[in-house]
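J.: To start, I am sharing the structure in question, which I have written as C-alpha cells.
The values are calculated or read from the model by the stated rules, or taken from the named source; none is laboratory data. In this text, all values refer to a predicted model and were calculated from it rather than measured experimentally. Reconstructed Cβ throughout: ideal geometry from the backbone, glycine too, with neighbour counts over all protein chains shown. Surface accessibility is based on the protein's heavy atoms, side chains included, excluding ligands, DNA and RNA. Shrake-Rupley method; radii C 1.70, N 1.55, O 1.52, S 1.80 Å.
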Amino acid sequence: MHAFSGIWVPVVTPFAADGSVDLQGLARLVDRLVEARIHGLVVCGTTGEAATLSDDEQAQVLRTVCAAAGDTPIVMGIGGVSPSEVAAQCARWRDERVVGFLVPPPSYVRPSQRGIVDFYTQVAAAAAPRALLVYDIPYRTGVALELATLRELAEVPGIVGIKDCGGDPRKTQSLIADGRLVVLAGEDHQIFTTLCQGGNGAIAASAHLHPARFVALYDAVRASRLDEARHLHHGLAPLVQALFTEPSPGPVKAVLAALGVIGRTLRAPMTSPSDSTTGAALTAYAAAERSLKPSAAH
C-alpha cells in the first residue's frame with residue numbers, strides 16, 4: 001500500500017457563530033475521523049474553505065489537526081497563481097508535520113501546458129522533501145491537465161500523485177495503467193470505479209459521514225470482496241449524491257451540525273444549504289445507517 005493510498009478526508013473548517021475558527025470543534029471532528037481509521041487528512045483544501053482563511057488561521061487549523069490526528073498522515077492544501085508565491089507557501093509549511101501538499105494549477109490565468117509543467121517543477125523543488133499531489137480540477141481552475149502533461153509531471157522529482165477531478169475517464173484509466181502517479185478519486189461518485197480499475201484511493205468530502213464505511217469500501221475492493229464492495233458503494237451512493245446537490249461543504253457541514261459534531265456556519269461567499277437539501281442529506285445518511293451492515297458502521 002502506497003503512503004498516499006486509501007480514503008483521505010479533506011477536512012472542513014468549523015466556524016463559531018461569530019465567524020471565528022472553532023478549533024475545539026475541529027479537534028472533535030478529527031478525533032471522530034481518526035477513530036474511524038481514515039487513512040489520511042487534507043487540511044486547508046477547497047472543502048476547508050481555505051480561500052477565506054488568513055495565514056494565521058491556516059496555521060491554527062493545521063496545528064490543531066496535527067495535534068489531534070496522532071499518526072494519521074496529513075496533506076496541506078496550497079493554492080495560488082504565481083509559482084514563486086506557491087513555492088514560498090510550501091517552503092513555509094514543509095517543516096510542519098505534513099507528508100505533502102495538494103496543489104492545483106494556477107486558476108484564472110489559463111497557462112499553457114508548458115507553463116503548467118514549469119509551475120509544478122518550481123513548486124515541487126520548494127516543497128522537497130515533502131511530496132506533491134497535483135490537483136486536476138478544471139471546472140475550478142479553468143485549465144485542464146492533458147494526459148501528456150501529467151505523464152511529464154510524473155517524471156518531476158517529488159510529484160507522486162493526483163487528485164483526479166478531471167472528468168475524463170479515459171485519462172483516469174491511462175494514468176492508473178501507467179502506474180507512475182498515485183491516482184486518488186476527487187469526485188466522490190467515482191470512488192468505486194477508480195478503486196476497481198486499480199486506483200489508489202480517494203480524497204472524499206463525503207467520508208466525513210460514515211467514514212468507517214468508506215474505509216470498508218476501500219478494504220473490500222483491495223481484498224477482491226466485490227459483492228461486499230458493491231453493497232457498500234450502492235448504500236453510500238445516495239448520500240454522496242445528496243451532499244453535492246448544492247456547493248460543498250455546505251451540505252456536509254449541515255449534516256455534521258445535525259449530528260452535533262460541529263456548527264453549520266460557512267464563510268461568505270459560501271452559503272448554508274436549503275432546508276430541502278439538508279433534509280435529503282439527512283435522509284440519505286439515515287438510510288445508509290440502516291442499509292449497511294453494522295460491522296462497518298461508525
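J.: Could you please find all residues in region 223-241 being open to solvent by 10 Å² or more (accessible area, probe 1.4 Å) and under 20 Å from the mean Cα position of the chain (by Cα)?
T.: H233, A237, P238, V240, Q241
J.: Yes or no: P111 open to solvent by 10 Å² or more (accessible area, probe 1.4 Å) and under 23 Å from R92 (Cα atoms)?
T.: For P111, the condition - open to solvent by 10 Å² or more (accessible area, probe 1.4 Å) and under 23 Å from R92 (Cα atoms) - is not met.
J.: If I filter region 64-94 down to residues being open to solvent by less than 30 Å² (accessible area, probe 1.4 Å) and not in a helix (DSSP H, G or I), which single residue comes out as farthest from G158 (Cα to Cα)?
T.: T72
J.: For T121, which of the numbered conditions (1) β-branched (V, I, T); (2) outside any loop (DSSP other than H, G, I, E, B); (3) in contact with a Pro (Cβ under 7 Å, 6 or more places away or on another chain); (4) over 14 Å from I78 (Cβ atoms) fails to hold?
T.: Failing condition for T121: (3).
J.: Separate question: Taking the conditions exactly as written (in contact (Cβ under 8 Å) with a residue 24 or more places away in the chain and open to solvent by less than 10 Å² (accessible area, probe 1.4 Å)), does A131 satisfy them or not?
T.: no
J.: While we're on this one: Taking region 189-222, which residues are open to solvent by 30 Å² or more (accessible area, probe 1.4 Å) and either in contact (Cβ under 8 Å) with a residue 24 or more places away in the chain or aliphatic (A, V, I, L, M) (or both)?
T.: Those that are open to solvent by 30 Å² or more (accessible area, probe 1.4 Å) and either in contact (Cβ under 8 Å) with a residue 24 or more places away in the chain or aliphatic (A, V, I, L, M) (or both): H189, Q190, F192, T193, C196, Q197, N200, R222.
J.: To continue, here is another question. Answer with yes or no whether L150 is touching a residue at least 24 places away in the same chain (Cβ under 8 Å), in contact with a helix residue (DSSP H, G or I) (Cβ under 8 Å, 6 or more places away or on another chain), farther than 19 Å from M76 by Cβ and not small (G, A, S).
T.: So L150 passes the test.
J.: OK, next. Based on this model, can you work out whether T46 counts as under 19 Å from G201 (Cβ atoms) and open to solvent by 50 Å² or more (accessible area, probe 1.4 Å)?
T.: yes
J.: When you go through Y218, Y139 one by one, which is the residue that is within 30 Å of A257 (Cα to Cα), of a type outside the set (A, V, I, L, M) and out of contact with any helix residue (DSSP H, G or I) (no Cβ under 8 Å at 6 or more places or on another chain)?
T.: Y139
J.: Can I ask one more? Where residues in region 1-22 are more than 16 Å from the chain's Cα centre (by Cα) and surrounded by fewer than 19 Cβ atoms within 10 Å (Cβ to Cβ), which of them is modelled with the lowest pLDDT?
T.: By that ranking, first place goes to M1.
J.: If the requirement is being farther than 30 Å from V221 by Cα, among the small types (G, A, S) and more than 15 Å from the chain's Cα centre (by Cα), which of these qualifies: A36, A50, A87, A69?
T.: The conditions single out A87.
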